[in-house]
Amino acid sequence: MPTPAEKTRPAERILAAGTLPVAATLLTGTVALYIALVAFGNITDFETNQQFVRHVLAMDTTFKDNGLKWRAVESTALQDTAYVGIIAWETLAALVLGTSTVLWARALRRPQGPSRSEGLHRARRTGSIGLLMILLLFGVGFIGIGGEWFAMWQSDAWNGLDAATRVVTLTGIVLIVTHLPSAAAPAAAGAPADPKNPKDEL
């Protein structure tokens, strides 16, 4: 006959799925999958977004009387170099975030204690690097440089500002969630977790 403690284990496992580390794992994995699919699509369908990058950098679909066209990059070699750089950055970010997702999952499988806390911190640090890479690409690259410097906001045909804003918003939310303080304040601050604390470390 199962003991009262054994009867509560399934319920505890269900509740554990709603903890902050699990949320961080799933959200990091979501962004990892997204950027991996973006990179894969750009590699396997190279020409589609190649044209996007070329038109944005050339500024050939901005306002006709645009006084900013001196900023345009008309060299196709430079345009394609920028595009390949974007794909490489996306691929690297996907690898970093994928690694972070695996680290999150491994840490969650460990029993509570210093080893689990160390694993969660390693996963969070790794994920933060990948998330910041995404924010730099879509925030600085697409919104800042593409949207403002190359006046992408003026183009009706080649305008990726809405998509970039969605990615920045999602990534920013995930970054905030992974850094939210938990009940184990010392662990959240980067100090060794208290092995006597039965609560989740993050």
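The values are calculated or read from the model by the stated rules, or taken from the named source; none is laboratory data. No experiment lies behind these values; they were computed from the predicted model shown. Cβ placement follows ideal geometry from the backbone for every residue including glycine, while neighbour counts extend to all protein chains displayed. When the accessible area is computed, the model is the full protein with side chains, heavy atoms only, and any ligands, DNA or RNA have been set aside. Shrake-Rupley method; radii C 1.70, N 1.55, O 1.52, S 1.80 Å.
Set the Cα radius of gyration of the stretch 34-124 against 2.2 N^0.38 Å, with N its number of residues, and you get 1.66. Only one residue of Asn66, Thr48, Thr91 has its Cα farthest out toward the positive end of the dipole of the stretch 48-101, where Lys and Arg carry +1 and Asp and Glu -1 on Cβ, and that residue is Asn66.
Annotation for the stretch 54-105: chymotrypsin sites (Phe, Trp or Tyr not before Pro) lying in DSSP loop with at most 14 further Cβ atoms inside 10 Å of their Cβ are Phe63. Annotation: per residue accessible area for the stretch 14-134 equals 53 Å², rounded to a whole number [probe 1.4 Å, protein chains only]. For the stretch 17-117, the list of trypsin sites (Lys or Arg not before Pro) that fall in a loop by DSSP and count at most 14 other C-beta atoms within 10 angstrom reads Lys64.
Note on the stretch 78-120: with neighbouring protein chains present and a 1.4 Å probe, carbon and sulfur make up 68 percent of its accessible heavy-atom surface.
The fraction of Cα-Cα pairs per 5 angstrom bin, counted from 0 for the stretch 42-182, comes to 2, 10, 16, 18, 15, 11, 9, 7, 5, 4, 2, 1, 0 percent, rounded to whole percents.
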